[in-house]
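Shown next, in structure tokens, is the structure this report addresses.
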Amino acid sequence: MSKAAIPQSEQEMMNARLEQARRQLLQSEKLAAIGQLAAGVAHEINNPVGYVYSNLQSLESYLTDLFRLTDAVDSADSLDSLKAIKQNIDYEFVRHDLKDLLAESREGIERVKTIISAMKDFSHIEEEEFKPADIQRGIESTLNVVNNELKYKAEVTREFGDLPPVECIISQINQVVMNLLVNAAHAIDDFGEIRIRTREAGDTVIIEIEDTGRGISQDNINRIFEPFFTTKPIGKGTGLGLSLSFNIIEKHNGRIDVESALGKGTCFRIALPAKQPRAPEDS
Amino acid sequence: MIKIQLVDDEPNILSSLRRLLKPQGWEVHTYDNVESALGGLLEHNYAVIVSDYQMPTADGVTYLQFAKQRQPDAMRLVLSAHGDRTSMIKAINQAEVYRYLSKPWNDYEVVATIKSAIDLYQLKVENRQLQNEVDTQKAMLRAREQELLRLEAENPGITRVQRDADGSVLISNND
Ligand SMILES: Nc1ncnc2c1ncn2[C@@H]1O[C@H](COP(=O)(O)OP(=O)(O)OP(=O)(O)O)[C@@H](O)[C@H]1O
Ligand SMILES: [Mg+2]
């Protein structure tokens, strides 16, 4: 190396800078995506928080009523007056409704918990190394994060095969899946279907995301992976989603392909090696 | 009986609101989809309609626009987890909602808002009733007037005939 001519090291420097710029772009696209999602996630959280909070207040008034009854046990002069109080507080209703109130509130808290942990799974910014990961779990986290963008546009069906752990940077794979899901939802006009399939094929793992949306024209299909190519109005799309997805999959030594029929729908297929080939300098 | 309609695609929201409103003694109808809520509009007259904003088949503002056409007197409220400007402006301008409430909500605020909406609804209804009364009375007056005119045209002077206390016709001197 010491013998290397100046231009050589200059080139190395250029390469390093290019690599750094690429990473920054990746990071900022991710932050932009998270920002876009934040509004949707807020919506997802505000609903359960809304009813759990209100339920707690109803619970308080139920308890006040019940205590009125139990306190009266000591002071009431006859059984009849206790019965009157019991009648008065609509005991049967409270008794029955308490179960529902608690079950529904628990469901709400679970929902918030799932969203928060999905956000965490999703945004592992620090995780930059290849590690064996559970692709299906990644897809589920991603679905939780984008649920709000999807549920009003499509029914999501999963056909998951048995997958081995895949050596990858899972946060980046999640990001690719998110881009594909959001694109699919955007391509659907009223209400459609999005199918997510996974399967093992030899030593690669296949992920397919298929939608029943508008489809992509012959003219456009060759351009969709270009940076900044978008058919969406300003403010809706930057045209970076697929080009970054392509970069990520390439870095994982995988492939991303697309099939589309205008007016019928589109299917994106990702193939990832389960094990990364060992780079010569690594061994 | 005051009837309230609640529309939200999330059943748990509906049950918690039902709990909240129960002590008020209103008749509360809940719907988790727009289609059946539209059906409800055909069967009941509501004082207040509260709708979620974002729902699968139609957004709340579109639904409230329908509701406004069907039941113009019913007061319209939006209860939304969205809270962005566009949805709010749309709600106010297109569906003329009375209030825009956000999720998570404040129980007291929801009840107070519905109460004041009911007051306004009752005023509107009362106003309409009074208006109707005035209108029928006016129509009756007009009919009577026309009858008098007709009689007068047929028999000039007949409407001006004056009678004595015992019913006998008085002949006036000034003609
Ligand atoms: N599932 C799909 N169905 C139809 N067209 C698609 C689909 N996915 C992508 N496209 C087309 O490819 C274009 C580029 O997609 P890409 O994800 O790169 O950018 P974008 O979605 O427009 O913007 P961004 O993802 O940066 O918000 C889209 O504008 C759209 O025209
Ligand atoms: Mg995109």
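The values are calculated or read from the model by the stated rules, or taken from the named source; none is laboratory data. None of these values were measured; they are calculated from a predicted model. Neighbour counts are summed over all protein chains in view; Cβ atoms, including those assigned to glycine, are modelled from backbone coordinates with ideal geometry. Side chains are part of the model used for accessible areas, which takes the heavy atoms of the whole protein and leaves out ligands, DNA and RNA. Shrake-Rupley method; radii C 1.70, N 1.55, O 1.52, S 1.80 Å.
Peptide packing: for B:61-68, B:113-120, A:258-265, the average count of neighbouring Cβ atoms within 10 Å per residue gives the ranking B:61-68, B:113-120, A:258-265, highest mean first. Once both labels are positioned 7 Å from their Cα atoms along Cα-to-Cβ, the gap between A:Leu79 and A:Lys264 label points is 7.7 nm.
Cα gyration tensor of region B:3-124, axes a ≥ b ≥ c as square roots of the eigenvalues: rounded (a/c below 1.5), prolate (a/b > b/c) or oblate? Note, shape of region B:3-124 comes out rounded. With 20 Å² as the minimum drop in accessible area between chain alone and full protein complex (1.4 Å probe), the qualifying residues in region B:77-92 are B:Ala81. Normalised per residue, the accessible area of the protein assembly as shown is 58 Å², obtained with a 1.4 Å probe and no contribution from ligands, DNA or RNA. In region B:19-63, comparing the full protein assembly with the chain on its own, the residues that lose 40 Å² or more of accessible surface at a 1.4 Å probe are B:Arg19, B:Lys22, B:Gln54, B:Pro56. The label-point distance for B:Asp73 and B:Leu42, in a model that sets each label 7 Å from Cα toward Cβ, rounds to 2.2 nm.
FRET efficiency for the pair B:Glu126 and A:Gln57, taken as 1/(1 + (r/R0)^6) with r the Cβ-Cβ distance and R0 = 35 Å, rounds to 0.60. Would you compute the Debye intensity of the protein assembly as shown from its alpha-carbon atoms alone, equal scatterers and no solvent, and pass along log10 I(q)/I(0) at q = 0.07, 0.11, 0.13, 0.14 Å⁻¹ to two decimals? The computed values of log10 I(q)/I(0) come out as -0.57, -1.00, -1.20, -1.30. Counting, for every residue in B:6-16, the Cβ atoms of other protein chains within 10 Å of its Cβ and taking the mean gives 5. For the chain pair B and A, the interface hides roughly 1800 square angstrom of accessible area in total, found with a 1.4 Å probe. Here chain A exposes an accessible surface that is 54 percent carbon and sulfur, computed with a 1.4 Å probe and the other protein chains kept in place. The mean number of partner chain beta-carbon atoms within 10 angstrom of a residue's beta-carbon across peptide B:97-109 is 3. Backbone phi angles across region B:153-161, fed through the Karplus curve with coefficients 6.51, -1.76 and 1.60 (θ = phi - 60°), yield HN-Hα couplings of 5, 5, 10, x, x, 5, 6, 9, 4 Hz in residue order; Gly and Pro are listed as x.
In region A:125-169, the residues that give up 10 Å² or more of accessible area when the other protein chains are added, compared with the chain on its own (1.4 Å probe), are A:Asn148, A:Lys151, A:Tyr152. On alpha carbon coordinates alone, what is the Rg over Rh value for region A:148-282, Rh being the Kirkwood radius? Reported Rg/Rh, Kirkwood definition of Rh: 0.98.
Extension gain, B:Glu35-B:Arg150: 0.36 nm per intervening residue step, less the Cα-Cα distance, totals 35.9 nm.
Once the Cα atoms are used to define both axes, helix A:6-75 deviates from the longest principal axis of chain A by about 10 degrees.
In a simple Cβ point-charge model (Lys, Arg +1; Asp, Glu -1; nothing else charged), chain B has a dipole of about 340 debye relative to its Cα centre. GNM on chain A, alpha-carbon springs under 10 angstrom: the most fluctuating residue among A:Ile89, A:Ile173, A:Ile221 is A:Ile89.
Of the residues A:Val145, A:Phe160, A:Ile249, the one whose Cα sits farthest towards the positive end of the charge dipole of region A:127-273 is A:Val145 (charges of +1 on Lys and Arg Cβ, -1 on Asp and Glu Cβ, taken about the Cα centre). Taken residue by residue and averaged, Cβ atoms of other chains lying within 10 Å of the Cβ of A:208-218 number 0.
Computing FRET efficiency as 1/(1 + (r/R0)^6) for A:Phe225 and A:Phe67, where r is the C-beta to C-beta distance and R0 is 51 Å, gives about 0.20. For the listed peptides B:94-100, B:137-143, a ranking on the average number of other beta carbons within 10 Å per residue, highest first, reads B:94-100, B:137-143.
Helix B:11-21 and the long axis of chain B differ in direction by around 50°, with both axes built from C-alpha atoms.
Largest GNM mean-square fluctuation across A:Ile194, A:Ile170, A:Ile45, computed for chain A with C-alpha springs under 10 Å, falls on A:Ile45. Separation of region A:210-268 from region B:52-126 is 39 Å, based on Cα centroids. For B:Leu79, nonlocal amide neighbours, meaning residues 5 or more places apart or on other chains whose placed amide H falls under 5 Å from its own, are B:Ser51, B:Asp52, B:Tyr53, B:Leu101.
For A:Arg23 and B:Met140, the FRET efficiency from 1/(1 + (r/R0)^6), where r spans their Cβ atoms and R0 equals 60 Å, is about 0.10. Could you check which residue among A:Leu25, A:Leu102, A:Leu63 shows the biggest mean-square fluctuation in a GNM of chain A with a 10 Å Cα cutoff? Among A:Leu25, A:Leu102, A:Leu63, the largest mean-square fluctuation in the Gaussian network model of chain A belongs to A:Leu63.
Each residue, A:Asp203 and B:Arg18, gets one label point 7 Å from its Cα in the Cβ direction; the gap between the two is 5.8 nm.
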